[in-house]
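> This is the structure, below, for whatever I ask next.
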Amino acid sequence: MPDSCRRTVTATMLLPGGRRLRLPALMVYDPKDCLAVRVTFGLGRPDAATWVFAWELLSRGLTGAAGIGDVRVAPVAGTDARLLLRLGRPGDIAELELDAADVLAFVAVAREHAPRDNREIRDALAGELSRIRQRA
């Protein structure tokens, strides 16, 4: 398995007045942080923004509304082909659409690798906790 899974996608940012801005985005799954996805919107731009959240939100958002707080995900109303991400807090929210097929492909890789990666991290943490207890 590669060190991480990387998938370049195109996000569409929804702007006031019905305008849309297409942004290159990179979705990254890293075995060292096996519960998270790191998504960078606006690759190569000085104003690029990176969000880190549970990749499981993407998975659940493919079939219905998911998330609370700063990250919310849901299918775009009237279509299964697009996924809506709402990132931010009330009064300061960015809305972005992603192609559902891209998200599904990314989630499939994360789901395949996460159980093993989770076990490896759990074992490493258990070993570290044991060493800390021995020193105490």
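The values are calculated or read from the model by the stated rules, or taken from the named source; none is laboratory data. From a predicted model like this one, the values you see are computed outputs, not experimental measurements. Glycine also receives a Cβ, built like all others from the backbone with ideal geometry; neighbour counts cover every protein chain displayed.
> Return yes or no: is V103 in contact with a Cys (Cβ under 7 Å, 6 or more places away or on another chain) and either of a type outside the set (S, T, Y) or not in a loop (DSSP other than H, G, I, E, B) (or both)?
The answer is no for V103.
> Shifting gears a bit: Kindly indicate whether any position in segment 76-92 is touching a Phe, Trp or Tyr at 6+ places or on another chain (Cβ under 8 Å), more than 30 Å from L15 (Cα to Cα) and either among the aliphatic types (A, V, I, L, M) or part of a strand (DSSP E or B) (or both).
No - not one qualifying residue is present in segment 76-92.
> Still on this structure: In segment 54-70, how many are aliphatic (A, V, I, L, M), surrounded by 14 or more Cβ atoms within 10 Å (Cβ to Cβ) and either modelled with pLDDT of 95 or more or over 9 Å from the mean Cα position of the chain (by Cα) (or both)?
Result for segment 54-70: 4.
> Can you find a residue that is surrounded by 16 or more Cβ atoms within 10 Å (Cβ to Cβ), at positive phi and modelled with pLDDT under 95 anywhere in segment 36-53?
yes
> Output yes when any residue across segment 51-64 is closer than 16 Å to T12 by Cβ, of a type in the set (G, A, S) and in a strand (DSSP E or B), and no when none is.
no
> In segment 47-65, which residues are aliphatic (A, V, I, L, M) and either touching a Phe, Trp or Tyr at 6+ places or on another chain (Cβ under 9 Å) or under 17 Å from A100 (Cβ atoms) (or both)?
Answer for segment 47-65, where residues must be aliphatic (A, V, I, L, M) and either touching a Phe, Trp or Tyr at 6+ places or on another chain (Cβ under 9 Å) or under 17 Å from A100 (Cβ atoms) (or both): A48, A49, L57, L58, L62, A65.
> Out of M27, M13, report the one residue that is within 17 Å of V76 (Cα to Cα) and either among the aromatic types (F, W, Y) or assigned to a strand (DSSP E or B) (or both).
After ruling out the rest, the residue left standing is M13.
> Answer yes or no as to whether V71 is touching a Phe, Trp or Tyr at 6+ places or on another chain (Cβ under 6 Å) and free of Cβ contacts under 8 Å to residues at least 40 places away in the same chain. I'd like the intermediate steps shown before the answer.
Details: touching a Phe, Trp or Tyr at 6+ places or on another chain (Cβ under 6 Å): yes; free of Cβ contacts under 8 Å to residues at least 40 places away in the same chain: yes.
It is true that V71 is touching a Phe, Trp or Tyr at 6+ places or on another chain (Cβ under 6 Å) and free of Cβ contacts under 8 Å to residues at least 40 places away in the same chain.
> I've got another one for you. Of all residues in segment 25-53, how many are in contact with a strand residue (DSSP E or B) (Cβ under 6 Å, 6 or more places away or on another chain) and more than 14 Å from L104 (Cβ to Cβ)?
Qualifying residue count, segment 25-53: 17.
> Show the residue pairs that are 6+ apart or on different chains and have beta-carbon atoms under 8 Å apart, the first residue being within segment 78-106 and without any contact (Cβ under 8 Å) to a residue 24 or more places away in the chain and on the phi > 0 side of the Ramachandran plot, the second being assigned to a strand (DSSP E or B) and surrounded by fewer than 18 Cβ atoms within 10 Å (Cβ to Cβ).
Close Cβ pairs satisfying both conditions: G88/A94.
> May I ask you to list the residues in segment 59-83 that are in contact with a helix residue (DSSP H, G or I) (Cβ under 9 Å, 6 or more places away or on another chain) and farther than 13 Å from L104 by Cβ?
A66, G67, V71, R72, A74, V76, T79
> Can you tell me which residue is nearest to E56 (Cα to Cα) among those in segment 79-110 that are at pLDDT below 95 and among the charged types (D, E, K, R)?
Checking each candidate, the answer is D80.
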